[in-house]
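First comes the structure, then the notes that go with it.
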Amino acid sequence: MARNAFIPVLTVLALSACGVKEPAEATYEEVAVIHETPEATEGRTSRDRSDDATIAEGEAGSGAEAIAPTETQTASTRTKEVKREADFAEDLAAAADPAPEMEPMLDMDEAYAPAKMAKSKPTSAPRSRPAPSPGPMPLAAEAPAMPTGGGAVGGLYMPPAPPPPPPVATNTEHYTDYGINGFTDAGQDNLSTFAVDVDTASYTMVRRKLREGYLPASSAVRVEEFVNYFPYEYAQPERGTPFAVDFEASPSPYNSLNTLVRVGVQGKHVAFDERKSVHLTFLVDVSGSMQSNDKMGLVKKTLKMLTEELEDGDTVAIATYAGRTDVILPPTPISKSGTILKALDGLTAGGSTAMGAGIDLAYAQADASFVDGAVNRVIVCSDGDANVGQTSHDALSKKIRGFAEKGITLTTVGFGTGNYKDTMMERLANDGDGNYYYIDSEREARRVFVDKLTGTLEVIAKDVKIQVEWDPEDVLAYRLIGYENRDVADKDFRNDKVDAGEIGAGHQVTALYEVALKDKPKGSIATVHVRNKAPGPDAPAVERSFDLDVREISGTFAATSRQFRIATAAAGFAELLRHSPHMQEIGYRDVEAIARGAARAEYAEDKELIELIDRAADLNGEGAFVQR
């Protein structure tokens, strides 16, 4: 064999010895930038304390630098290098490192064993926040320093490297990783307390990412917002009560040793012609970051849909903010809807973002149109990217809470991608006793502001807290699936000064627990306490209790209702997307099988869930779905 035949092999060995590797292709998860914002905790409510999680911040890395030929090489040597460069590029592609492996997940059989569980919180103090799950992996590490041109390395010829790949666009989206709830020993702490949440922004943000061909950042996934996106047919509340509670349970399809328990809350319906009058202030971000059609273009369409659903007696004001703030339209009766629609058509984007000054202006307009006993609400439309002015959450929070106590609530509606600030938008809505939506399409705008308008605007119960009291005689351990940033200290359940969540007309709240039961449980395994205030200032709190009897646990998962199985599939999907250690034996195709078997023909949301799980499975490399 000719001596030259060994050159390609030896070249690859030399490269390996030098640590040279081709940067792996970055996924969306690796590109996403997670921003860290420390939060002050003094004087804040329990919901704010649950917001005090860290946000990891990273930047896209760079690939290896191109290596230029040295000045001393001869023309003959350069000619030979052309062929060697091509061989070298092929060798690098073949030897590229695989994507970094994920950290090993917990053993499911050990996860619920009481002997191995740490007490997650004392009953007299707030639940300790679970350790944050790892943030998105960085892009491929920078290659070690290399010679600047072809030459010898360790006695072997080193041809010049191929040019670097094009740079990856920097992504500056901000999310918060609140961790993942673990199991709690019911013998040490049998109380689980949280504030309700009817937001759905996380689901629609993830839907957009998947349809664009990316797996989302794990910190963008909030399980409860996936589960609560889907409609359920719960029992309606009795006359004179704001809501009813519905239970269902069965062995878990994700761990047959445990039981999955669903707690469903159904808010009372309010007929459209019975709703209160509505006085809205649209606060629109018209900064330069809002110029794209999926931002400003979709904002206009969304607010037009909402305006066209209003009736006589309702009013609309429009304010904008960028480098400066403007009142585009003072409070105007809906009888002049043409004037309102024309003002919306005239909105354009450009400049920096002074969100704090914009909120001041919006509340001034809302205050001018305030009607006691009516719906008075500011609706903020933005990508959350506030970069000039009074932009810290603490500074805005105090102002927003003061108006919420007076009766002017705040809803945030998110748009766009690439620079989206999820944490800012969610916190503003929490402070304003409102809800948080993300609009990724005209269809979603219609769903929120046409189909579900009354529930979106009219609150039937505020500061709603749920406390599940597990019976340690029958329950070994439990974990709440999701609601990590809605945790409330057990001792604060009956502290009516502590802020909690709101329920709109017809809204549903669903919570899932994974429970390890003792052998042959009897009677009631848990009591669910729900505490809330009526809308309006100074309303007293009312508490209701509901028992979960062991007889309500189905013998098999297959015997449960379709809506129970859809909720289970939605939760499992979210758990996989956020890399939950409680799903180590489960894949996307397993969850897809549950969704396919449970899909309800009358709900388009179920069909969409199957589509999204299928996309995630493909992006995760799991292969095609096989019907079992």
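Any read-out appearing in this document is the output of simple, stated calculations on the displayed coordinates, not a laboratory observation. Small disclaimer: the values here were computed from a predicted structure and weren't measured. Don't worry about glycine lacking a Cβ; one is built from the backbone with ideal geometry, like all the others, and counts go over all protein chains shown.
If you find the alpha carbon centre of segment 524-568 and of segment 483-517, how far apart are they in angstrom? If we compute the Cα centre of each part, the gap is 11 Å.
Stretch F625-A534 to full length: gain in nm at 0.36 nm per residue minus the Cα-Cα span? Display every interim value, and only then the final one.
Values: separation 91, 0.36 × 91 = 32.76 nm, distance 4.79 nm.
Result: 28.0 nm gained on full extension.
Summing Cβ point charges (Lys, Arg +1; Asp, Glu -1) relative to the Cα centre of segment 517-564 gives a dipole of roughly 140 debye.
Under a 5 Å amide H cut-off, with hydrogens placed 1.01 Å from N, L517 pairs with T259, L476 among residues at least 5 apart or on other chains. Subtracting the Cα-Cα distance of K522 and F370 from their residue separation scaled by 0.36 nm leaves 49.4 nm. Between G504 and I460, the built amide H atoms are under 5 Å apart, and every one of these is 5 or more places off in sequence or on another chain.
Give K295/K342; K295/K462; K300/K465; K304/K399; K300/K421 a once-over and call out the pairs whose C-alpha atoms are over 25 Å from each other.
Where the Cα-Cα span goes over 25 Å, the pairs concerned are K295/K462; K300/K465; K304/K399.
For segment 327-344, backbone phi angles converted through the Karplus equation (6.51, -1.76, 1.60; θ = phi - 60°) give residue-by-residue couplings of 8, 7, 8, x, x, 10, x, 5, 4, 9, 4, x, 5, 5, 5, 5, 5, 5 Hz, Gly and Pro being listed as x.
At most 10 other Cβ atoms within 10 Å and a DSSP loop assignment: could you name the trypsin sites (Lys or Arg not before Pro) in segment 205-274 that fit? All intermediate terms of the calculation are to be shown ahead of the outcome.
Values: sites: R207, R208, K209, R211, R222, R239, R262, K268; in loops: R222, R239, K268.
Passing both the DSSP loop test and the Cβ count: R239.
Under 5 Å between amide hydrogens, built in the peptide plane, is the criterion, and for A317 it picks out L280, T281, F282, T332 among residues at least 5 positions away or on other chains.
Be a star and scan segment 199-243 for residues whose amide nitrogen sits under 16 Å from the point 7 Å along the Cα-to-Cβ vector of V542. Counting backbone N atoms under 16 Å from the label point, the list is 236-243.
For segment 512-610, chymotrypsin sites (Phe, Trp or Tyr not before Pro) meeting the loop criterion (DSSP other than H, G, I, E, B) and having at most 13 other Cβ atoms within 10 Å: none. L361 sits among other residues whose Cβ lies under 15 Å from its own Cβ, and their net charge, with Lys and Arg +1 and Asp and Glu -1, is -2. Backbone geometry of segment 192-199 corresponds, through the Karplus equation with coefficients 6.51, -1.76 and 1.60 at θ = phi - 60°, to 3J(HN,Hα) couplings of 10, 10, 8, 8, 5, 8, 10, 5 Hz, x marking Gly and Pro. Taking N as the residue count of segment 258-350, its C-alpha radius of gyration divided by 2.2 N^0.38 Å amounts to 1.43.
Working from the Cα coordinates of segment 456-579, the gyration tensor eigenvalues give, after taking √(5λ), semi-axes of 28, 19, 15 Å in decreasing order. The Cβ shell under 10 Å around T560 holds other residues with a net charge of +2, Lys and Arg each +1, Asp and Glu each -1.
Coupling constants for segment 373-381 follow from the phi torsions by the Karplus curve (6.51 cos²θ - 1.76 cosθ + 1.60, θ = phi - 60°), and in residue order they are x, 9, 8, 10, 8, 9, 10, 8, 10 Hz; glycine and proline get x. Length gained on full extension, R324 to R239, computed as 0.36 nm times the residue gap minus the Cα-Cα distance: 25.6 nm.
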